[in-house]
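Have a look at the structure below before the remarks.
The values are calculated or read from the model by the stated rules, or taken from the named source; none is laboratory data. Predicted model, so just to flag it, every value in this text is computed and none were measured. Reconstructed Cβ throughout: ideal geometry from the backbone, glycine too, with neighbour counts over all protein chains shown. SASA here: full protein model, heavy atoms, side chains in, ligands and nucleic acids out. Shrake-Rupley method; radii C 1.70, N 1.55, O 1.52, S 1.80 Å.
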2 protein chains.
Amino acid sequence: MTTNMESIFLENEHKAALEPEKYATPELVQLACRNGYKGSTTGFAPGFVQANIISVPKEYTKDVLLFAQRNPKPCPLIELIEDGNVSGKYFKGDIRTDLPGYRIYKNGEVVEDYVDDVTPYWNGELSTFLFGCSFSFESYLMKVGIKMHHIDAGKNVPMYRTNIECEPTEKLKGHMVVSLRAMPSGQIALASDVTSHFVRTHGSPIHVSNPAEIGITDINKVDFGDAPIIPEGEIPVFWACGVTPQIAILESKVPFAISHYPGMMALLDMKDEDLMNW
Amino acid sequence: MTTNMESIFLENEHKAALEPEKYATPELVQLACRNGYKGSTTGFAPGFVQANIISVPKEYTKDVLLFAQRNPKPCPLIELIEDGNVSGKYFKGDIRTDLPGYRIYKNGEVVEDYVDDVTPYWNGELSTFLFGCSFSFESYLMKVGIKMHHIDAGKNVPMYRTNIECEPTEKLKGHMVVSLRAMPSGQIALASDVTSHFVRTHGSPIHVSNPAEIGITDINKVDFGDAPIIPEGEIPVFWACGVTPQIAILESKVPFAISHYPGMMALLDMKDEDLMNW
C-alpha cells in the first residue's frame, strides 16, 4: 500500500463506527463512495455480502467462467455482469464509481495502484465478475465463539500467495492466494464445519497447520493484508482467498483488467445468510 | 422409452451383475459400449463417477457455463470438453461412441430418440459438458442406512418436471427436473446432511414432502424414469436432477444438441469420493 493510501485508510478507517447510519445499507455505502469515500469497507452494511470484483475484456469471459468453475474455492462466482453494464441483479449501484477504490492492470502489471473512479477506463465490452469474500463467514465464526484476531485488532486479514497452482484454462493460470486465521486446535473442526456451508464464500479451509507445505516459508511475511496475530499455542488455518483471480490476471498477462482495491469491496443487495442457500 | 429400447434394456439390464469383470472400470465400460453394449449403466464400474452429458454448438458454451453457475444444484458441472474434442481430463474415452446411447435435439425437439453412435453428427465446434449425477450419492445414502427403493426393485429413479424456473441466461431457460426418493421422516435430516457434501452431484434436497408445491400434481405420473415406490408412512424427498439441462435445451429451442440417453451415462476416471473434495 502506498503512503498516500495509508493516510486515506487512516482517515477513513473508523467512519462506519462513527457514522453507522451513513453506511448501514449497500445503497448508502455506494452513495458514500460515489461522493468521495475512499477507505476500507470492513464493517460496513453489516449482514450484507461484500464481493471481490474483476472486470475483463469480453474475450476473456468464457475463460474466467471456466476458471471459476474449476477453482470454486478461491473463485466462488456470485454474479456476472456483461456487455459493459454497470449494475446487475445483486449489485444495484454503478460498478464504476460505487466502490471506494480500484486497481488497473495491463499486460500482467498493475499500471494504476489506486484510482477512485474507473469511468474513464470503461467501455461497452467489459465483463464484470463478482466473487464471494470471506467477510461473509467471519461473523458466523465469531458467533460460534472463534476469535478473529485481525478484526479484534482492527487489522486486515493476512494473505499469502501459495505454491498451489489453480487448475488453468486456455487463457488463465495462476497460484492460489490464501487468508490466514489462527485458532486453538480444538476449534479447527468447528471452523471447518461452519465454513463448509459457505460454498459461495470460499467454503471449508484449504490447509491446516504447517504453512511450508503450501509454500509459505515465513508466516510473518505476508503478500497482502497485515502481519498475522498468532497467539502462543494456536494453529494457523488457511482459506482460499478472493485475491486469487487478481493473481491470475497478472500471471496470465491479461491485456486489460480492473479490480477493486484490496479491502474496498462491492456491497451487494444480498444477505450473508443467503449465501448458505446453495 | 420406445418398445425397442425397452427390449434393449431388458436384454442388457443385468449384464454388470452377470459379468462384473467386464464392467468393473470406466475403461472397460467404454470398451463395451464401443463394441455394441446398449443398456443402462446402473451399477457399472462401482465407485466411479457417472455423468450426464450435453454437447452444444460453441456459440452456446458461455451460456451453458453461466446456466450451470446460476443453477448449481441441477447443473453441477464437472468438466467441459471444447472444440469438438472427444475426451478430456476425467472422461478419457471417445465421447461419440463410448456411452451406450444418445439423443439428438434440433430446435427444441428430440429428432432422434436413440442412437448408439454420434460420430455422424460430430463436428469440431461442439462443446461437451459433463454434469454430476445422483448415482454418486446414492451409495452413500445406502451406507448410512437409507433404503433406495428403486434400486432394491431394479428400477430407474422417478423424475418430474417441476414448476421451479431455473435462473436463465441470455440464451437458456428451463424448468428444473427433480428426482424422488422416499424415506421415513426420521431419516430426512441425515439424507440432507450426507448429500449436502456432494455439491458436485446435486447437493442437499430441493424440496421435502408436499409435491404439489413444486408443481407435481400426481406423484404416480412421472415425466422420466419409473413409477415411484413410496411405502406407507414414508415422505417423498426431492433432489435437483441432471435431466434439467436437457429440458433447458428443449425449452430454449437450441438449434442442435446431443445428450446421453437417460440412464446411459458417461463413466469418468474419478471416484465418487473425489466429488467430496470441493
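For residues in the range A:35-67 being part of a helix (DSSP H, G or I) and open to solvent by 50 Å² or more (accessible area, probe 1.4 Å), which is nearest to the other protein chains (Cβ to nearest Cβ)?
Applying the first criterion (part of a helix (DSSP H, G or I)) to the range A:35-67 yields A:58-67.
Still in the list and also open to solvent by 50 Å² or more (accessible area, probe 1.4 Å): A:58-59, A:62.
Details: A:Lys58: 10, A:Glu59: 11, A:Lys62: 5 Å.
Only one residue tops the list, namely A:Lys62.
For A:Val194, indicate whether it is away from chain B (no Cβ under 11 Å) and on the phi < 0 side of the Ramachandran plot. Full working, then the answer.
Details: away from chain B (no Cβ under 11 Å): yes; on the phi < 0 side of the Ramachandran plot: yes.
Considered against the rule, which asks whether it is away from chain B (no Cβ under 11 Å) and on the phi < 0 side of the Ramachandran plot, A:Val194 comes out as yes.
Output the number of the condition that B:Lys155 fails; it satisfies all remaining conditions of (1) at pLDDT 95 or above; (2) more than 18 Å from B:Thr244 (Cα to Cα).
Failing condition for B:Lys155: (1).
Of the residues A:Val111, A:Val177, only one is at pLDDT 95 or above, outside the structural domain of A:Tyr261 (by the TED database), of a type outside the set (Ser, Thr, Tyr) and in a strand (DSSP E or B); which? Before the answer, list the steps.
Numbers: A:Val111 fails: outside the structural domain of A:Tyr261 (by the TED database).
It is A:Val177.
Taking A:Asn156 as the residue in question, decide whether it is within 19 Å of A:Ile219 (Cα to Cα) and free of Cβ contacts under 8 Å to residues at least 60 places away in the same chain.
So A:Asn156 does not fit the description; no.
Looking at A:Asp83, A:Asp117, which is the one that is assigned to a loop (DSSP other than H, G, I, E, B) and either in contact (Cβ under 8 Å) with a residue 24 or more places away in the chain or within 14 Å of another protein chain (Cβ to nearest Cβ) (or both)?
A:Asp83
Scan the range B:86-113 for residues that are away from chain A (no Cβ under 11 Å) and either free of Cβ contacts under 8 Å to residues at least 24 places away in the same chain or acidic (Asp, Glu) (or both) and report the count. If you could, list the steps in order and put the result at the bottom.
Taking the range B:86-113 as the starting set, the residues that turn out to be away from chain A (no Cβ under 11 Å) are B:86-88, B:90-113.
Of the ones still in play, those that are also either free of Cβ contacts under 8 Å to residues at least 24 places away in the same chain or acidic (Asp, Glu) (or both) are B:87, B:94, B:98, B:109, B:111-113.
Qualifying residue count for the region: 7.
What are the residues in the range B:234-278 that are part of a loop (DSSP other than H, G, I, E, B) and either of a type in the set (D, E, K, R) or over 19 Å from B:Glu112 (Cα atoms) (or both), if any?
The initial filter retains those residues of the range B:234-278 that are part of a loop (DSSP other than H, G, I, E, B), namely B:234, B:241-243, B:252-256, B:261-265, B:277-278.
The answer is B:Glu234, B:Cys241, B:Gly242, B:Lys253, B:Asn277, B:Trp278.
Given the conditions (1) at pLDDT below 80; (2) open to solvent by 50 Å² or more (accessible area, probe 1.4 Å), which single one is not true for A:Asn12?
Looking at each condition in turn, A:Asn12 falls short on (2).
Quick one: in the range B:197-213, which of the residues that are within 17 Å of B:Lys271 (Cβ to Cβ) and in a loop (DSSP other than H, G, I, E, B) is modelled with the highest pLDDT?
Residues of the range B:197-213 within 17 Å of B:Lys271 (Cβ to Cβ): B:197-201.
Now narrow it down to the ones that are in a loop (DSSP other than H, G, I, E, B): B:197-198.
Values: B:His197: 84, B:Phe198: 87.
Checked the range B:197-213; the qualifying residue modelled with the highest pLDDT is B:Phe198.
Table: residues versus (1) under 30 Å from A:His207 (Cα atoms); (2) surrounded by 18 or more Cβ atoms within 10 Å (Cβ to Cβ).
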position: B:Glu232; (1), (2): no, no
position: B:Val237; (1), (2): no, yes
position: B:Val243; (1), (2): no, yes
position: B:Ile247; (1), (2): no, yes
position: B:Pro255; (1), (2): no, no
position: B:Tyr261; (1), (2): no, yes
position: B:Lys271; (1), (2): yes, no
position: B:Leu275; (1), (2): yes, yes
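Does B:Gly145 qualify as being within 19 Å of the chain's Cα centre (by Cα) and open to solvent by 10 Å² or more (accessible area, probe 1.4 Å)? Steps first, please.
Numbers: within 19 Å of the chain's Cα centre (by Cα): no; open to solvent by 10 Å² or more (accessible area, probe 1.4 Å): yes.
Answer is no for this residue.
For the range A:77-84, indicate whether the set of residues that are farther than 29 Å from A:Gly203 by Cα, modelled with pLDDT of 95 or more and not acidic (Asp, Glu) is non-empty.
yes
In the range A:200-228, what residues are within 14 Å of another protein chain (Cβ to nearest Cβ) and open to solvent by 10 Å² or more (accessible area, probe 1.4 Å)?
Start the filter on the range A:200-228 by keeping residues that are within 14 Å of another protein chain (Cβ to nearest Cβ), which leaves A:200-207.
Result: A:Arg200, A:Ser204, A:Pro205, A:Ile206, A:His207.
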